[in-house]
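The values are calculated or read from the model by the stated rules, or taken from the named source; none is laboratory data. No experiment lies behind these values; they were computed from the predicted model shown. Ideal geometry is used to build each Cβ from the backbone, glycine not excepted, and the neighbour counts take in all protein chains shown. Side chains included, ligands, DNA and RNA excluded: accessible areas come from the protein's heavy atoms. Shrake-Rupley method; radii C 1.70, N 1.55, O 1.52, S 1.80 Å.
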Amino acid sequence: MQENKIIKLTVRDVRFPTSLEQHGSDAMHTDPDYSVAYVVLETDSDAALKGYGLTFTVGRGTEIVVCAVKALSTLVVGKTLKEIVSDFRGFYRLLSSDGQMRWVGPEKGVIQLATAAILNAVWDLWARVEGKVRNKPLKTNTFECSILLKVVCGKKNRFHTQMLKEGYPAYTTSCAWLGYTDQQLTQLCSEALAQGWTKFKVKVGADLQDDIRRCSLIRKLIGPNNTLMIDANQRWDVNEAITWVTKLAEFHPLWIEEPTCPDDVLGHASISKALAPLGIGVATGEQCHNRVMFKQFLQAAALQFVQIDSCRVGSVNENLAIILMAAKFNVPVCPHAGGVGLCELVQHLILFDYISVSASLNNRMCEYVDHLHEHFESPTIIRNAHYIPPKDPGYSCEMLEESVQKHQYPDGEVWRAIEQQGKQ
Ligand SMILES: C[C@H](O)[C@@H](O)[C@@H](O)[C@H](O)C(=O)O
Ligand SMILES: [Mg+2]
């Protein structure tokens, strides 16, 4: 491999005004503007070779993540890709354990989101250099791990026969954001059914009567055999979660997602225990800030679905550890992707999980939201409610430069126009 010295890192604050139409809204995030801190790495070897990475946020505060990326950039610029990937663990620790910056983490919050943006760009760069999609180079260390060894056989078949032909099963969240009207919900859900979707997630948690009405509506539309999931985005305390979800049990949700504070491991364990007799599992992970938290959730039997996120933790590096732990505890991984760019990224991780780790589709599916894919160079491909494996080399999060410029905050034309309207 050429040395590929990283000579420049740029980071931009890119925001989409999704709150205007309530896309992405839930019981805690009532006005999300889907946003990213968008990182581009440049190397000395070839002007056309760049690494693209991002981390997802929901509007205000993206500028803080941008600042954190800038602070971390001194640890990246000047390194060669070869140096980084030949001791990736060392590089990961350099970023996450810097003697001064770790005080503002460690491995949680803004600094962790910034770490993810940079590492996502490094993985993208590495894949482009090797001319591979992201889930491919991950094959190399299989000999080290007994979990991986168990499923070596059948890998080709899983990739070529199943994934390339059928794809990875997905569910949709974009029919039932909390701020959507019943009419919108009905229309989107009917359209999704016609397109072949069979698994649907509904936002709940603000008002019980609204939840009963919306869940009843959607259950009637999708029928008894399709799958329904509900997501409260941390709105309740532990007892409230149990009482509330019990009242929604008649709609047979497969899981309740983020019922309470994302750090309350034992609270999730109590909820899991109380809801198990109703056949409802607990799903969480989109705000689970590092692998140690996941370890505790798994050890405490506090979740039944592991929702990895490609930007919340330290990129592929940390997600690999989480995927392996989930396999050890025999808990299915069902990634979170409700945001901009998350579907593009996380599809690589779930393909890796299926091809090289779990070898199972049982109780597994990857989230999909139908928003903002048109801003990416290699947008996700969905066929018959399945993710079709990406073909372009990289980690799929390069954005169209025109989109970045238009949506850059606060100077892009989209935001200037919104500011103008506000003044009128
Ligand atoms: C603010 C966001 O849209 C969240 O509501 C979203 O990520 C959600 O929790 C999900 O599971 O997709
Ligand atoms: Mg969620």
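Determine the alpha carbon to alpha carbon distance for each of Lys50/Lys108; Lys108/Lys156; Lys8/Lys201; Lys70/Lys203; Lys201/Lys423 and list only those over 29 Å.
With Cα atoms farther than 29 Å apart: Lys108/Lys156; Lys8/Lys201; Lys70/Lys203; Lys201/Lys423.
Return a whole-number percent for the relative contact order of region 6-139, with Cα pairs under 8 Å and 6 or more residues apart as the contact set.
Contact order relative to length: 27 percent.
Using only Cα atoms and rounding to the nearest 10 degrees, what angle (0 to 90) does helix 265-275 make with the longest principal axis of the chain?
Roughly 30 degrees between the two axes.
Looking at the chain, I'd like the Rg to Rh ratio, where Rg is from alpha-carbon atoms and Rh is Kirkwood's inverse mean 1/r. Don't skip to the end; give the middle numbers.
Numbers: Rg = 20.8 Å, Rh = 21.9 Å.
That ratio is 0.95, to two decimals.
Measure off, as a whole percent, the carbon and sulfur share of the 1.4 Å-probe accessible area of region 293-424, all protein chains present. Walk me through the numbers before you get to the answer.
Values: 2260 of 4950 Å².
Whole-percent figure for carbon plus sulfur exposure: 46.
Return the whole-Å distance between the Cα centroid of region 376-420 and the Cα centroid of region 6-29.
When both Cα centres are located, 11 Å separates them.
Hey, can you find the accessible area per residue of the chain for me, probe 1.4 Å, expressed in square angstrom?
Solvent-accessible surface per residue comes out at 41 Å².
Let a ≥ b ≥ c be the square roots of the eigenvalues of the Cα gyration tensor of region 6-139; is it rounded (a/c under 1.5), or, if not, prolate (a/b larger than b/c) or oblate?
prolate
Where the accessible area of region 1-139 is counted over protein heavy atoms with a 1.4 Å probe, how much of it, in %, is carbon and sulfur?
Within region 1-139, the accessible surface is 51 percent carbon and sulfur.
Gap in Å between the Cα centre of region 304-345 and the Cα centre of region 71-103?
With region 71-103 and region 304-345 each reduced to a Cα centre, they are spaced 22 Å.
Compute the angle between helix 182-194 and the longest alpha-carbon principal axis of the chain, please, reported from 0 to 90 degrees and rounded to the nearest 10.
The helix 182-194 is inclined about 70 degrees to the chain.
Taking the alpha-carbon centroid of each part, what is the distance from region 192-268 to region 108-127 in angstrom?
Using only Cα atoms to place each centre, the spacing works out to 31 Å.
Rounded, prolate or oblate: which fits region 147-388 when a ≥ b ≥ c are the square roots of the eigenvalues of the alpha-carbon gyration tensor, with rounded for a/c under 1.5 and prolate only if a/b beats b/c? Each step should come with its number before you reach the end.
Working: a/c = 1.69, a/b = 1.16, b/c = 1.46.
Judged from the Cα gyration tensor, region 147-388 comes out oblate (a/c at least 1.5, b/c at or above a/b).
For the chain, set up a GNM with springs between Cα atoms under 10 Å and report which of Leu125, Leu298, Leu221 has the largest fluctuation.
With Cα springs under 10 Å in the chain, the top fluctuation among Leu125, Leu298, Leu221 is at Leu221.
Give me P(r) over region 1-60, computed from all C-alpha to C-alpha distances, binned every 5 Å, as integer percentages.
It works out to 4, 18, 20, 14, 12, 10, 8, 7, 5, 2, in whole percents.
Run lengths n ≥ 4 of DSSP H only: what is the helix-derived mean residue ellipticity at 222 nm for the chain, with -39500 (n - 2.57) per run over all residues, to the nearest 500?
That calculation yields -11000 deg cm²/dmol at 222 nm.
At 0.36 nm per residue, minus the direct Cα-Cα distance, what do Lys150 and Lys247 gain on full extension? Give it in nm, one decimal, please.
Additional length available on full extension: 30.7 nm.
Hey, what did the chain get for relative contact order, percent, Cα under 8 Å, at least 6 apart?
19
Distance in nm between label sites at Gln187 and Glu166, each 7 Å beyond Cα in the beta-carbon direction?
3.4
When you count, for each residue, the other Cβ atoms within 10 Å and take the mean per peptide, how do 63-70, 2-9 rank with the highest first?
63-70, 2-9
Roughly what would the spin-label model give for Glu83 and Lys423, points 7 Å off Cα along C-beta, in nm?
Those two pseudo-labels are separated by 4.7 nm.
Can you give me the relative contact order of region 373-424 as a percent, contacts being Cα pairs under 8 Å and 6 or more apart? Kindly include the intermediate steps, with their values, before the conclusion.
Details: 41 pairs, mean separation 13.4, N = 52.
About 26 percent, as a whole number.
Could you go through region 39-46 in sequence order and give the Karplus-derived ³J(HN,Hα) for each residue, using 6.51 cos²θ - 1.76 cosθ + 1.60 with θ = phi - 60°, rounded to whole Hz, and x for Gly and Pro?
Each residue's phi maps through the Karplus curve to give 10, 10, 9, 10, 10, 7, 7, 7 Hz.
Extent of region 307-414 along each principal axis, from alpha carbon coordinates, in Å, largest to smallest?
49, 30, 23
With labels modelled as points extended 7 Å from the Cα through the Cβ direction, what inter-label distance (nm, one decimal) is found for Gln296 paired with Arg60?
In this crude label model, Gln296 to Arg60 measures out at 2.9 nm.
If r is the Cβ-Cβ distance from Asn225 to Gln22 and R0 is 30 Å, what FRET efficiency results, to the nearest 0.05?
0.55
Whose amide H sits under 5 Å from the amide H of Thr80, counting only residues 5 or more places off or on another chain, with H placed in the peptide plane?
Ile6
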